[in-house]
Amino acid sequence: MTFVERIIDGKTLRIETGGYAKQADGSCIVRLGDTIVLATAVSDKNPPKEFLDFVPLTVNYQERFYAAGKIPGGFVKREGKPSTHETLISRLIDRSIRPLFPKDYKQEIQVIVTTVSADGENDPAIISILAASCALCLSDIPFDGPIAGVRVSKTNDKLGVFAPINGLNESNLNLILAGGKDTINMIEAGALELSEDEMVEAIMFGKEYLKTLVDIQEELIKKEAKPKREYIPIDVSEDLVNKIEEIASEELTEAVNIKEKKKRNSTIEDIFNKVKESVLSEFEDEEHVEEKTKAAFEDVVKNIIRTKIINTGFRIDGRGLDDIRPITCEVGVLPRAHGSAVFTRGETQALAATTLGSKEDAQIVDDVSEEGYERFMLHYNFLPFSTGEVRRLGPPGRREIGHGNLAKRAIEPMLPEEDEFPYAIRVVSDILESNGSSSMATVCGATLSLMDAGVPIKKPVSGVAMGLIKYDGGHAILTDILGDEDHYGDMDFKVAGTRDGITALQMDIKIMGVDAALLKEALEKAKKARFFILDKMLSTLPETRSNLSKYAPQIKSLVIDSDKIKDLIGPGGKTIKSIIDKTNVKIDINPDGKVNVFGSLDSDLEGAISIIKGITASLKEGDVIEGVVTRIEKYGAFVKILPNKEGLLHISQISNNRITNISDVLHIGDKIRVKISNIDELGRIALSRKSLLNENPDEDKDKE
């Protein structure tokens, strides 16, 4: 076993190889504190039987519950399908390493990163990016690494890395950055209204630490890396590309100027079908010629589009570089949803609906590093008809989970605090039409939907997707990119925020050479676009509605003594279940004693509140209460003074007159006023009616 160690910001980072998973093409263990991840990389040795126009990479991040000394919750006591958290980290790793494989390498690659120890302080997500990179570099798989990942936080105006997981709650920045010594491959950030300058500063700060993390890997790679394997490049030939350019470039130049997506795509498809026969006959001896012809045709279209944008400053749909597509907003479109909106920008359209609920409707979180619940959920659905396709409907894929998380991260800082607005909030964004940046349409639609629902958000949030094309010595930053501009471009850069700063950022880069100046230029252009979009949104709904929907659950709150929580819940939850059944409400109890009651009718709410007050009332000596006689014995009567509390009214304390038979004076079911005369150390209550009669003698006449 070989290892390297380095102390970074007071923490020891250790990478070792040669001891575990030795049959993988490459493997390593990375340790930070007591958090340990195992990364493996394996690639098929045989060339694919079919031509692929993409790098066949699969990345899986997984967490073992034993890593934190836990047994999985629920009925099935083993790890199951990937959690949302695992899916998001898988995406982070994938987006960081994917651009670094040779374009012509088509053997299937699988990278698996497993958290085997978690100390609850050091974040496994960040060292997983480093571990995946190191495993690939140690293997014989072609890979242009190493790279690393770093998380940048900002607390009390001070930037830092490797912040404790629980310390991120105090930070107004949560930035994950991946890249090499001089490059940035991927950015994922959530922020509390940071300025563009602050965001660039944080990115450059994190970039310096990437150099150190790459240096550590290189020390191990020099000692233990395998020679890179020889492989047969599988890609389109330059001759094939030149032939298609010769035949189709003139027609394609006209076709890419068609503004409407469906018409443009169908025209390009017709051109492809026309040139295919000629190309196939000339290159009929080339293996996979039909698939390669399609890929070569794509390259020609890509070059024409990029040349047009760089040379003319005009885009596929005729817009200038900074122009935003027409925007329309609608609110209140769904009569029974608690809030709803449709946000349309060009040929991208999102239907967002908000639903309010109680704490029991919140998302339960139970993973290796966190337990609790999330009161805000944002779910994104990319429907096949949105792009005119036929696809099988199924559970959300990685892309849908990632886009939903990005929109959630953008909006969450602007939600009211739970004390102010104790509802669980769920927003669903259904994409009805897609041609570029449906995730940012989701941010805008979700914001309007929340405002329509009467959720008192602090500030409205808008978002926009930016693009970059670097070609033939020039570059162009594109505002509000189309789907094709994303596909053929070099960078996808999504920014969301309020008028006062950035709340979320996501960037994927397909090329090297994006520097601070370029990032700042893109962020400044995005800022202008965000403000423009925000103005359009607020022209439809200037402020949050003052009232909730009549279909939303109403809420009443009260505070009880925290010592009384157990009385309200009752043995096995019997008491609280009884209240819920009787009054048709939902009840949330917080550890500090705040109780929120949710219901549709005021009468139900008032009934539940009354019962709760009765159960949790604090009794003391001298209190006068009206109770009900529940049992009569020779020595006295038992009187129910609270829903779950009885006291003893001794025979000597019933009347001023001597009583030989209590049933002559009291009967089961009688309502009587009593005073608490004593509460002993066991909580037993002694009552007196006699003392009240002495204060008001007439009260006893009917019983004498």
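Given the options Glu400, Glu347, name the one that is of a type in the set (Asp, Glu), assigned by TED's automatic domain parsing to the domain that holds Asn435, within 20 Å of Ala504 (Cβ to Cβ) and surrounded by 14 or more Cβ atoms within 10 Å (Cβ to Cβ).
Selected residue: Glu400, the only one of Glu400, Glu347 that is of a type in the set (Asp, Glu), assigned by TED's automatic domain parsing to the domain that holds Asn435, within 20 Å of Ala504 (Cβ to Cβ) and surrounded by 14 or more Cβ atoms within 10 Å (Cβ to Cβ).
Please state which of the following conditions Lys308 fails to meet, knowing it meets all the rest: (1) at positive phi; (2) part of a helix (DSSP H, G or I).
Against the list (1) at positive phi; (2) part of a helix (DSSP H, G or I), Lys308 comes up short only on (1).
If we scan region 390-409, do we find a residue that is in a loop (DSSP other than H, G, I, E, B) and of a type in the set (Val, Ile, Thr)?
yes
Among the numbered conditions (1) assigned to a loop (DSSP other than H, G, I, E, B); (2) over 30 Å from Lys582 (Cα atoms), tell me where Ser652 comes up short.
Only one criterion is unmet by Ser652, namely (1).
Answer yes if at least one residue in region 247-255 is within 24 Å of His475 (Cα to Cα), of a type in the set (A, V, I, L, M) and outside the structural domain of Ala453 (by TED's automatic domain parsing), and no otherwise.
yes
Do we find a residue being closer than 30 Å to Leu356 by Cβ and touching a residue at least 24 places away in the same chain (Cβ under 8 Å) anywhere in region 570-577?
Checking region 570-577: at least one residue is closer than 30 Å to Leu356 by Cβ and touching a residue at least 24 places away in the same chain (Cβ under 8 Å).
Per-residue answers, yes or no, for (1) exposed (fewer than 12 other Cβ atoms within 10 Å of the Cβ); (2) not assigned by TED's automatic domain parsing to the domain that holds Ser663:
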{"residue": "Val597", "(1), (2)": "no, yes"}
{"residue": "Ser600", "(1), (2)": "no, yes"}
{"residue": "Leu605", "(1), (2)": "no, yes"}
{"residue": "Ile609", "(1), (2)": "no, yes"}
{"residue": "Thr630", "(1), (2)": "no, no"}
{"residue": "Lys634", "(1), (2)": "yes, no"}
{"residue": "Val639", "(1), (2)": "no, no"}
{"residue": "Leu642", "(1), (2)": "no, no"}
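Checking Met512 against (1) touching an Asp or Glu at 6+ places or on another chain (Cβ under 9 Å); (2) more than 23 Å from Ile147 (Cβ to Cβ): exactly one of these is not met. Which one?
With respect to (1) touching an Asp or Glu at 6+ places or on another chain (Cβ under 9 Å); (2) more than 23 Å from Ile147 (Cβ to Cβ), Met512 is out only on (2).
Restricting to region 129-164, give me the number of residues that are at pLDDT below 95 and touching a Cys at 6+ places or on another chain (Cβ under 7 Å).
Going through region 129-164 one residue at a time, the tally reaches 1.
Considering only region 159-193, state which residues are out of contact with any Lys or Arg (no Cβ under 6 Å at 6 or more places or on another chain), under 25 Å from Glu417 (Cβ atoms) and surrounded by fewer than 21 Cβ atoms within 10 Å (Cβ to Cβ).
Pro164, Ile165, Asn166, Gly167, Leu168, Asn169, Glu170, Asn174, Leu192, Glu193
For region 228-244, state whether one or more residues are touching a Pro at 6+ places or on another chain (Cβ under 9 Å), among the β-branched types (Val, Ile, Thr) and in a helix (DSSP H, G or I).
No, region 228-244 contains no residue that is touching a Pro at 6+ places or on another chain (Cβ under 9 Å), among the β-branched types (Val, Ile, Thr) and in a helix (DSSP H, G or I).
Does Ala637 satisfy the condition of being modelled with pLDDT of 90 or more and either under 60 Å from the mean Cα position of the chain (by Cα) or on the phi > 0 side of the Ramachandran plot (or both)?
So Ala637 fits the description; yes.
Scan region 101-118 for residues that are hydrophobic (A, V, I, L, M, F, W, C) and within 15 Å of Thr58 (Cα to Cα) and jot them down.
Result: Phe101, Ile109, Val111, Ile112, Val113.
Scan region 425-433 and tell me whether some residue there is β-branched (Val, Ile, Thr), more than 12 Å from the chain's Cα centre (by Cα) and closer than 17 Å to Val342 by Cβ.
Yes, some residue in region 425-433 is β-branched (Val, Ile, Thr), more than 12 Å from the chain's Cα centre (by Cα) and closer than 17 Å to Val342 by Cβ.
The rows are residues; the columns are (1) crowded, with 20+ Cβ neighbours inside 10 Å; (2) modelled with pLDDT under 90; (3) part of a loop (DSSP other than H, G, I, E, B); (4) in contact with a Leu (Cβ under 9 Å, 6 or more places away or on another chain).
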position: Leu523; (1), (2), (3), (4): yes, no, no, yes
position: Lys528; (1), (2), (3), (4): no, no, no, no
position: Leu534; (1), (2), (3), (4): yes, no, no, no
position: Arg545; (1), (2), (3), (4): no, no, yes, no
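The values are calculated or read from the model by the stated rules, or taken from the named source; none is laboratory data. In this text, all values refer to a predicted model and were calculated from it rather than measured experimentally. Neighbour counts are summed over all protein chains in view; Cβ atoms, including those assigned to glycine, are modelled from backbone coordinates with ideal geometry.
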